Amino acid sequence: MYHILDELTPNNDGIVDINMDDDVIRGMTVVKDGEITFPPPKIKVSASPKVEEKKVTPKKEQIQKKSSILPGVIALSVLFLVGAFAPESFMNHFTVFVLSCFIGYMVIWNVTASLHTPLMSVTNAVSSIIIIGALTQVSSTDTVSLVLSGLAIFIASINIFGGFAVTKRMLGMFKK
C-alpha cells in the first residue's frame, strides 16, 4: 500500500495524481473521469539491445578449457581409487547415492518460486526416509555408524521442522 500511495502522490504532498502514462497506475485504474479504462491496453515492450560478445584471446580460452577439465579428472581419479579398494556393496550404495544427488539437484534447481511449498512437502518426505534409515543404524555398536546416524537424524529433523514452518507460513498467507 505504501508503494501504491507513493506512486499516486509523486510530489509527496498528498494530492493524488492519476498518471495514465505510468504502466503501474494504468494497470490498476478501472474508471477515470467516468470512463471505464479496464482492461488496460497492452504494454509495448521494446526489443532488448544486442549484447556484444567479448573476444577471448586463445591463451585465455586454453586456460579456461584446462581449468574446467581438471576437476573432472580429479573426480574420476578419486572414484577409480575408491572403486579399486572399496568393497562391492559400498560401490553399489555409492552409485545410488551419486545418482540420487544428481537427480535431486536437477529436480530442485528447476523449480519455480510458486512451487516452493509443494517442494517443501517433498523434501519433508525425503527427510523422513533419511530419518527412518538413520534410526535403523542408531542401534549399531559401531561408534562411527552411531555418530553418523545421529547427525543424519539431527539434520533431517531441522529440514522437516523448517519445512513445516515454511509451509504453515505460506498457507497462512491465503487465510483471511
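Residues checked against (1) touching a Ser or Thr at 6+ places or on another chain (Cβ under 9 Å); (2) at pLDDT 80 or above:
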position	(1), (2)
71	no, yes
76	no, yes
84	no, yes
103	no, no
123	no, no
127	yes, yes
131	yes, yes
* Cβ-Cβ under 8 Å pairs, at least 6 apart or on other chains, segment 157-173 side in the same structural domain as residue 128 (by TED's automatic domain parsing) and on the phi < 0 side of the Ramachandran plot, far side at pLDDT 80 or above and surrounded by 15 or more Cβ atoms within 10 Å (Cβ to Cβ) -> 157/127; 157/131; 159/127; 160/127; 160/131; 163/127
* Filtered residue count, segment 127-148, keeping only those that are under 23 Å from residue 167 (Cβ atoms), aliphatic (A, V, I, L, M) and surrounded by 14 or more Cβ atoms within 10 Å (Cβ to Cβ) -> 3
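Tell me, yes or no, whether segment 52-65 has at least one residue that is surrounded by 10 or more Cβ atoms within 10 Å (Cβ to Cβ), of a type in the set (Lys, Arg), under 30 Å from residue 99 (Cα atoms) and at pLDDT below 80. First the steps, then the outcome.
From segment 52-65, those surrounded by 10 or more Cβ atoms within 10 Å (Cβ to Cβ) are 56, 60-65; that's our starting set.
When the remaining residues are screened for being of a type in the set (Lys, Arg), the result is 60, 65.
If we keep only those that are under 30 Å from residue 99 (Cα atoms) as well, we get 65.
Next, only the ones that are at pLDDT below 80 stay: 65.
Within segment 52-65, one or more residues are surrounded by 10 or more Cβ atoms within 10 Å (Cβ to Cβ), of a type in the set (Lys, Arg), under 30 Å from residue 99 (Cα atoms) and at pLDDT below 80.
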* Which number in (1) modelled with pLDDT under 70; (2) part of a helix (DSSP H, G or I); (3) within 27 Å of the chain's Cα centre (by Cα) marks the one condition that residue 111 misses? -> (2)
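Looking only at segment 15-30, decide whether some residue is part of a loop (DSSP other than H, G, I, E, B), of a type in the set (Val, Ile, Thr), over 32 Å from the mean Cα position of the chain (by Cα) and modelled with pLDDT under 70.
Scanning segment 15-30 turns up no residue that is part of a loop (DSSP other than H, G, I, E, B), of a type in the set (Val, Ile, Thr), over 32 Å from the mean Cα position of the chain (by Cα) and modelled with pLDDT under 70.
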* Pair list, Cβ < 7 Å and 6+ apart or interchain, from segment 84-101 residues that are assigned by TED's automatic domain parsing to the domain that holds residue 133 to residues that are assigned to a helix (DSSP H, G or I) and at pLDDT 80 or above -> none
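The values are calculated or read from the model by the stated rules, or taken from the named source; none is laboratory data. Everything quoted here is computed from the prediction, not taken from an experiment. Note that we place each Cβ from the backbone using ideal geometry, even for glycine, and neighbour counts take in every protein chain shown.
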